[in-house]
1. Take the conditions of a type in the set (Lys, Arg) and buried (at least 17 other Cβ atoms within 10 Å of the Cβ) and apply them to residue C:200. Does it pass?
2. (1) in contact (Cβ under 8 Å) with a residue 24 or more places away in the chain; (2) within 27 Å of residue B:150 (Cα to Cα): which one isn't true of residue B:10, the others all being true?
3. Just the residues that are in contact (Cβ under 8 Å) with a residue 40 or more places away in the chain and either hydroxyl-bearing (Ser, Thr, Tyr) or part of a loop (DSSP other than H, G, I, E, B) (or both), please, taken from the range C:33-56.
4. Hey, can you tell me all the residues within the range B:216-231 that are outside any strand (DSSP E or B) and among the polar types (S, T, N, Q)?
5. Please determine whether any residue of the range A:20-42 is within 25 Å of residue A:163 (Cβ to Cβ) and part of a helix (DSSP H, G or I).
6. Quick check on the range B:39-94: of everything there that is closer than 30 Å to residue B:229 by Cβ, touching a residue at least 60 places away in the same chain (Cβ under 8 Å) and out of contact with any strand residue (DSSP E or B) (no Cβ under 9 Å at 6 or more places or on another chain), which residue is farthest from the other protein chains (Cβ to nearest Cβ)?
7. Here is a list of conditions, (1) closer than 25 Å to residue C:168 by Cβ; (2) part of a loop (DSSP other than H, G, I, E, B), and residue B:78 meets all of them except one; can you say which number that is?
8. Only one of (1) assigned to a helix (DSSP H, G or I); (2) free of Cβ contacts under 8 Å to residues at least 12 places away in the same chain; (3) surrounded by fewer than 19 Cβ atoms within 10 Å (Cβ to Cβ); (4) of a type in the set (S, T, N, Q) fails for residue C:208. Which number is that?
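The values are calculated or read from the model by the stated rules, or taken from the named source; none is laboratory data. Fair warning: this is a prediction, and the values are worked out from it, not measured in the lab. Don't worry about glycine lacking a Cβ; one is built from the backbone with ideal geometry, like all the others, and counts go over all protein chains shown.
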Amino acid sequence: MGGGDDGTESETDGTPTEAETVRVASGIPYPPFEMMENGEPTGFDYDMGAAIFEEQMGREMEFLDRSFDGIISGLQNGNYRVIMSAMTITEDRKENIDFSDPYFTAYQTVAVLENSDISSKAGLRGKTVAVQKGTTGAEAADDLQTEFDGDLTVSRYDSSASAFNAVLNNQAVAVINDNTVSAEYVNQNDEELRFVMGDGVAAEQRDDPPEYLTLSIEEYGIAFRKDDDEFRERINEILATLRENGTYDDIYSTYFAG
Amino acid sequence: MNEAPLLAFENVHKYFGETHVLKGIDLGVDEGELVVVIGPSGSGKSTLLRCANRLEEIQEGEIRLAGTPLTASDADVNRLRQRIGMVFQSFNLFPHKTAAGNVTLAPRKVRGIADEKAEERAETLLERVGLSDQRDSYPAELSGGQQQRVAIARALAMDPDVMLFDEVTSALDPELVGEVLGVMRDLAAEGMTMMVVTHEMGFAREVADRIVLMADGEIVETGEPERFFTDPETERAEQFLSKLL
Amino acid sequence: MSETGTGGPIASDETFRRLGMAAALVVALSVGAFLALLFLSGHVIPGRQLINYGLLAELAQPSSDYYGAYINILQVFLLTAVMSVICGVFVGLGRISKTPLTAGIARLYVEFFRGTPFLFQIMAIYYGVPAFFEPGTFPLTNFTWPAAIVALTLNHAAYSGEALRGGIESLPTGQMEAARSLGMSYVQAMRNVVLPQAWRNAVPAVGNDLIILVKDTSLLSVIAFPELISQFQYTYSQQFEAWAPLVLVGVFYLTITVPLSALVNYAGEVADPSRRAEP
C-alpha cells in the first residue's frame, strides 16, 4: 500500500475537502461496467473507482456521466481528472492521453440470433453488423470491413442496447462488442441470442482462450491527461495493491460470472 | 303568366341560432320578371337571397325552382345552383384567374365544356358586359365596377334560369355604380329573370317589375314600383321611404 | 409636435436605428473574429491549430464517406419533402372539415405529431414497431430507411397541414361561396379555387418547414441512419478532431438549406399577394 505519502493531509482532519474530490468520467450506460441503479451510478468501473479513490486514497469520488464519443476531449479540457469507462488502451488513444496499467482484459466478440446460421467470421461477409458508436467493437467491425474488402455494412448505434435491439429486430445479423457487455445481453436473452463460437486472435495470443470467437483483444485502462504522471503512477501502485489484497477479485465476481 | 312562378318561396323560416331572421316568407318570381327586394339593414333581404342558392339552409318551408324543391335534403344542390346565377356584394372573383379565366372556370370544370368553346363564350359574355379588352387582366388590375361586371359575366356563363344580385353596387365607389346597373338594365331588357337586393331606389323604380319591402324578417308590402314609391299602402313602407329622402 | 417621442423611456427612431446598426456591427465583428481565429488559429496561436486542414482535405476527398451520407440525406429529404407536402394537403383539408369526426381525427393527428418530439417519434417507429414481432421475425431487414421516411413524413405532414390550413382560413369565405354558387362541388371548388390560393398563402410556412426538414435528418443518427452527424461522430471518436469534420458537415448542410431558402423566397414572390382581390 502506498499510503502516507504526499497529498493525504485529509487523514488529519478526516473530512476530505472539495479540492480533493476526484472527478471520474464514464459513458453510462455500458453495463456491467457502468450503469445507473435507482438513480445512482454503479458497475465494475464505479466500484473500482470507489476502491481506488475513496478506500485507498481517502478522497471523494464524483462519478460523472459523459457521452463516450466526446469523453477524451473532456479529459483534455480538464473537465474531469480521469476516465473510467471500459476504455481500451490503443496506440491511437495514447497519442492524446495516457493510460494506467491494464485493469481488465476484454475480447471483441460476435453475438448473433440463437437460430442464426452464422457460425464463423466468414459468415458475416456481405451482411450488416451493429455496433455502438465510438467503441472498440465499432473499430473491430471497421477492421473486418477492410478485411472483407468493404463487403460488410456497419450500423452505428448510440448505445449497446440499440445495437442488440437491431439484431433482435432483424436490422443486423450480429453485434460486435466486448465479451463482457455482450455476455450480459446474451445471458439475459439466452433464448434469442448466442455468441459465435470458435478460435480467434485470443487463441493465438493467450494460453487460456475463451470458447467464443474473438476478433481482437483489448485491455482496459484508466485514462489520464498526458501531464498527470504522478497521479497515474500512484494509481498503478493502488491497482497492484487491489489485485494483491483480493479487492479486485471481489469486485470482478460481483459483475462477471467465472 | 298563368304558370307557377319560376322561383317560389313558401313559408320560409330561417334562424341564426336563437335569432329568427326569416319569419315565414311567401314570394314568387315569375319567368322574365325582375323583383327588387328593398328594406332596412337587418331586415333579412340578403339572407333570403342566399337561401335561394342554399348558401344558407332554411329551417322550415320550401324553396322551389321551376317546381323542383331545392331545399329538400336530397336535392342535387350542385345541379340546381348551376341554374341560379349569383352576384355578390364583394365580387368574389377568383384572384388567381384572369377575367376570362373566371368566366370559363365553371363551364370547363362543371359542365366539361372544351377550353376553346368556353373561351369563345367568355369572349361573348365579356363583350356583353363591356369588358372584351380586359379578358387577360387579373381581378387586382381591374376597378371595382369592372370586377363586378366580370362577376356578372361569370354567373351568366352557366346559362342560369334566374340571376340573384346581392347588393352588388354597395361596395362600389359612386362613380362606378352606373356601369354595373347599366349591365343589369340590359339583362332585364333581354328578359332575364332577376331577383335584386339593392339600395339603389332609382334603379328599382325604373327597372323593377315589382318591389318587395322587407322588414324584421317579413315581407311588409309588395307592389308595382310606380304605385309603391308614390302611394305606399303600409305605414312601414311610408316610414322607410320617408327616410330615403 | 413633429417629434416621435417626448422624452419617454424608449429611444427615438434615429437612436434606435443607430443602436441597431451598432449591435449588428458588434455581432458581425465578433463572428468575423471568431471565424478568423478558427480558420487561422495556427497563425494566431502558435501550435494550436483548431482545424486540421490535412484531415479536412482527406474528409473532403470524393471517396470520403461524407458524400455517401450527404447523398443519403439529400435523397431522404427530397422524398419526404414531396410526401409530407402531399400528406399535408390531406391533413389541412381534414382540419377544416365540417364533419366532426374527420376534423377531430385530423386535429388529434396534428396535436400528436406537433406535440411530441421528432426524436420520440423516430424511436417509437424504429424501435417500437419491430417490438410487436418475435425476436428475429421482423420482416423488414433494412428498416432504417422506411422508418426514417415514414417518421419524417408523418411529422412534417402535420406542419405543412397546419400551414395549408392557415392558408385556407386566411381566404375570404366568399371564394368558396362564389365557386359553389356556380355549381361546383366542394371538391371542385377546393381544387380549382381554394387550394391554388391557399397554397400561395402557405408557401412561406411550408418552405420554412422544408428547411427544418433538412435539419431534422440529423436526428436520424439515433436509428443508425448513415447521415452527416453520425459521420461527424465517427470521425470525432476516431481522430479526436472536432473542427475539421464540423466545418465539413456545416458546409454540407448549408449547400442544401441556402439554395432551398432562396427557392422558398422566390416561390413566395411568385405567389404575389398583390394579385389577391380586395374584398
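1. Numbers: of a type in the set (Lys, Arg): yes; buried (at least 17 other Cβ atoms within 10 Å of the Cβ): yes.
So residue C:200 fits the description; yes.
2. (2)
3. Quick first cut of the range C:33-56, residues in contact (Cβ under 8 Å) with a residue 40 or more places away in the chain only: C:38, C:50-53, C:55-56.
C:50, C:51, C:52, C:53, listed by residue number.
4. Our first condition is that a residue be outside any strand (DSSP E or B); within the range B:216-231, this holds for B:216-217, B:224-231.
Selection gives B:230 alone.
5. Looking for residues that are within 25 Å of residue A:163 (Cβ to Cβ) and part of a helix (DSSP H, G or I), one finds none in the range A:20-42, hence no.
6. In this case the residue turns out to be B:91.
7. In the conditions (1) closer than 25 Å to residue C:168 by Cβ; (2) part of a loop (DSSP other than H, G, I, E, B), residue B:78 misses (2) alone.
8. (2)
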